[in-house]
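First the structure, in the form of structure tokens, and then the observations on it.
The values are calculated or read from the model by the stated rules, or taken from the named source; none is laboratory data. Remember, it's a predicted structure, so these values are computed and weren't measured experimentally. Note that we place each Cβ from the backbone using ideal geometry, even for glycine, and neighbour counts take in every protein chain shown. Each accessible area value is taken on the protein alone, full model and side chains, heavy atoms only, with ligands, DNA and RNA left out. Shrake-Rupley method; radii C 1.70, N 1.55, O 1.52, S 1.80 Å.
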Amino acid sequence: MGDVAVGARSGHDGEEHRGHPVEAAGPAVDGAVGSGSDTAAEDGRVSDEQDRAGDQEPGGSAATPARKQRSFWKELPILIGIALVLALLIKTFLVQAFSIPSDSMQNLLQKGDRVLVDKLTPWFGSEPERGEVVVFHDPDQWLAGEVTPEPNALQTFLSWIGLMPSAEEKDLIKRVIGVGGDTVECKGTGPLKVNGKALNEPYVYPGNTPCSVDDTGGQFKVKVPEGYLWVMGDHRQNSRDSRYNQSDKYHGMVPVDEVVGRAIVKAWPINRWGTLPVPDTFDQPGLNDKASAAALTAAPQALALAGVVPVALWRRRKHGDDEGR
């Protein structure tokens with residue numbers, strides 16, 4: 001049969017089948033094709049027919065070629081890169097972790113606590129409100145002389161992308177007491193007043209008085225300019241806040257532009273987890289009446305004016321009557 005295949009392929013097909021019916025050539029051709037295909041298969045070459053046949057499943061449907069699964073170690077750098085980008089975006093625009101460096105906000109916050117700070121709402125024009133706990137950049141050397149730890153390269157990188165609390169020790173955390181237009185004052189041991197309204201402050205550190213009796217800032221009365229904040233720590237006798245920085249270029253005020261965001265959650269340690277809401281004391285009626293404090297200050301002058309005007313009018317009318325006689 002192999003000879004027939006060779007003969008057929010060498011062009012002698014007519015001589016082999018001389019005198020036989022033409023139909024007899026069919027099997028020989030089939031045999032030649034079959035033998036040739038076997039030889040080609042043995043040589044590692046597959047014909048187009050075989051290739052197409054190999055792509056067909058027994059049922060006649062096309063077989064889906066199996067995809068080679070990508071190695072986990074090749075995907076790992078991509079996953080790490082995506083995670084770092086997401087962490088950086090979250091830290092920049094949404095939420096950032098900060099570590100509490102001092103006891104000035106006790107008992108609400110303890111030294112070493114981690115808080116999450118909302119950085120999203122300021123992007124929509126929201127400004128800090130009374131009672132909120134905010135993180136802000138050092139306005140003007142408030143932390144001068146403070147010893148700041150030096151983070152290593154890894155800590156700096158992780159804090160930069162937001163996977164660790166900020167290593168930037170030039171940030172402070174305090175409670176907003178007054179906003180632009182407010183009048184804030186402290187006399188004696190308290191209470192602290194905003195726009196003439198006394199504040200009930202249950203968040204003040206136990207044993208502390210709302211106001212400190214000293215001549216270095218504990219007694220004050222200030223008017224907060226627009227675009228600024230007056231901030232104080234909850235641990236009133238252990239907080240160098242707006243009261244004790246009135247000699248700086250902002251007179252103890254914090255520019256709103258220096259605020260990083262509002263602290264919203266105590267995230268660590270886990271047994272101290274909790275939210276940081278605004279106390280009810282800042283919702284009392286009349287607290288937003290910023291004109292009330294100014295009216296109280298101007299009351300003596302207003303009363304004097306109210307008394308002088310009628311007298312002047314009476315005297316002028318009397319003088320006119322005398323001339324008419």
>> If you scale each eigenvalue of the Cα gyration tensor by 5 and take the root, what three semi-axes come out for segment 204-296, rounded to whole angstrom and sorted largest first?
In response: 25, 18, 17
> Fully extended, how many nm does the chain gain between residue 219 and residue 189 (0.36 nm per residue separation, minus their Cα-Cα distance)?
Replying inline: 9.9 nm
> Distance in nm between label sites at residue 83 and residue 120, each 7 Å beyond Cα in the beta-carbon direction?
Replying inline: 2.3 nm
> Under a point spin-label approximation (7 Å from Cα along Cα-to-Cβ), what is the residue 247-residue 289 distance to one decimal in nm?
Replying inline: 3.8 nm
> Separation between the residue 103 and residue 154 pseudo-spin-labels, each 7 Å from Cα along Cα→Cβ, expressed in nm?
Replying inline: 3.2 nm
>> What does the extension gain come out to for residue 75 and residue 275, with contour length at 0.36 nm per residue minus their alpha carbon separation?
In response: 68.2 nm
> For segment 168-241, which GluC sites (Glu not before Pro) are both in a DSSP coil and crowded by at most 10 other Cβ atoms within 10 Å?
Replying inline: 226
>> How large is the accessible surface of residue 108 in square angstrom, using a 1.4 angstrom probe and rounding to the nearest 10?
In response: 50 Å²
>> Taking amide H atoms as placed 1.01 Å from N in the peptide plane, list the residues 5 or more away in sequence, or in a different chain, whose amide H sits under 5 Å from that of residue 260.
In response: 135, 136, 137
> In the structure displayed, which of 74/266; 170/223; 223/266 lie more than 29 Å apart, Cα to Cα?
Replying inline: 74/266; 223/266
